[in-house]
1. Tell me yes or no: at least one residue of region 137-145 is aromatic (F, W, Y) and open to solvent by 40 Å² or more (accessible area, probe 1.4 Å).
2. Kindly provide the set of residues from region 182-202 that are part of a helix (DSSP H, G or I), touching a residue at least 12 places away in the same chain (Cβ under 8 Å) and not small (G, A, S), ordered by number.
3. Report yes if D76 is closer than 25 Å to W132 by Cα and free of Cβ contacts under 8 Å to residues at least 24 places away in the same chain, otherwise no.
4. Inside region 1-24, can you point out the residues that are touching a strand residue (DSSP E or B) at 6+ places or on another chain (Cβ under 6 Å), farther than 13 Å from I62 by Cα and open to solvent by 30 Å² or more (accessible area, probe 1.4 Å)?
5. Find the residue count for region 66-89, including only residues that are open to solvent by 60 Å² or more (accessible area, probe 1.4 Å) and farther than 27 Å from W175 by Cβ.
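The values are calculated or read from the model by the stated rules, or taken from the named source; none is laboratory data. This is a predicted model, so every value here is computed, not measured. Cβ coordinates were reconstructed from backbone atoms using ideal geometry, including for glycine residues, and neighbour counts include every protein chain displayed. For accessibility, only protein heavy atoms count, side chains too; no ligands or nucleic acids. Shrake-Rupley method; radii C 1.70, N 1.55, O 1.52, S 1.80 Å.
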Amino acid sequence: SVLEQIKDLGFNTIRIPWCNEMLNPEASITIPSYGSDAYTGVSPMNEEESKLTKPIELLDVIVKWCQENDLKIILDNHSRAADGYLVEGLWYTDAYPEERWINDWRFMADRYKNYSAVVGMDLNNEPHSATWGANNVTTDWNKAAERCGNAILEINPNVLIIVEGVGEFQGDSYWWGGQLKGAAQYPVVLSDPSKLMYSAHEYGPEVAQQDWFTASDFPDNMPGIWQENFHYLYENETSPIFVGEFGIKDQDAFGGIAYTWFIEWMDFMGGIYSWTFWTLNPNSGDTGGILKDDWSSVNEWKMDVIRPNFAPFI
């Protein structure tokens, strides 16, 4: 029913976070079946899904539904350990080394290679402790992205390889995942360059109060900041841009600065980038969701801003 509502709202693509831990042989899920579904009214809800016991089985259900209903999917490797995204600064950990990370991506690529619904692989969410072009094999995210991206393309040559930015490049910091300055000097090189898509994340002051939000020339200062950190890649026709995350919780936050940022950002990128809003579900602490806390009512003021920039169904 969540997928039904996403489609009914007019979205054509979803970005689905997954973690490597869910592919461990012992990984299991328990989905209860009780009550009425908040969107469809079906009772009991999750009757079929409650029979599933493994996370990958639930992802299979999602992929198959999207395949049958013209909804596209970007798989986002959000963390190695479940809920590890805030503490994992690189694409690997002691428990999940790079070899495991790449092999798990190979597994995903092979599992869904015959599903055209799966259009992109977001290799790693916000590698904020990584370097870019520092000639350090243990921390250079651009080179790790090449190794992983090419491994995926060997199995499925049709998917987009989505490469996020880092957190800092040569002393210049930006949002986790949004710092793509390094791609100018050290571009990611794939076996098929046409499959490369750089990806930035962008947020307002609810996630962190940045200097540029209180500058005297805000919001006129923002296009220059966006240009410097990632938009140049679009301007130079180096790569299309996919914004995997941006979002807002409170229309009045920070005296309206958050909403001003939201409006300016959509005006800047909405019609030229590909993007997925963070997030649908209401329980994301920094941003809330498209849905209200009842998991069915819609925050229409958010939809009013983003809907004019929807793309057609694919």
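1. Of region 137-145, the ones aromatic (F, W, Y) are 141.
With the extra rule that they be open to solvent by 40 Å² or more (accessible area, probe 1.4 Å), the set shrinks to none.
Checked against the condition, which is being aromatic (F, W, Y) and open to solvent by 40 Å² or more (accessible area, probe 1.4 Å), region 137-145 yields no hits at all.
2. First, pick out the residues of region 182-202 that are part of a helix (DSSP H, G or I): 182-185, 193-195.
Within this subset, residues satisfying the condition of being touching a residue at least 12 places away in the same chain (Cβ under 8 Å) are 182-185, 195.
The answer is Q185, K195.
3. Values: closer than 25 Å to W132 by Cα: yes; free of Cβ contacts under 8 Å to residues at least 24 places away in the same chain: no.
Criteria not met by D76.
4. none
5. Going through region 66-89 one residue at a time, the tally reaches 3.
To keep it simple, each residue is scored yes or no on (1) without any contact (Cβ under 8 Å) to a residue 60 or more places away in the chain; (2) open to solvent by 40 Å² or more (accessible area, probe 1.4 Å); (3) of a type in the set (K, R).
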position: S33; (1), (2), (3): yes, yes, no
position: T40; (1), (2), (3): yes, yes, no
position: K51; (1), (2), (3): yes, yes, yes
position: I56; (1), (2), (3): yes, no, no
position: D60; (1), (2), (3): yes, no, no
position: W91; (1), (2), (3): yes, no, no
position: F107; (1), (2), (3): no, yes, no
position: R111; (1), (2), (3): yes, yes, yes
position: Y115; (1), (2), (3): yes, yes, no
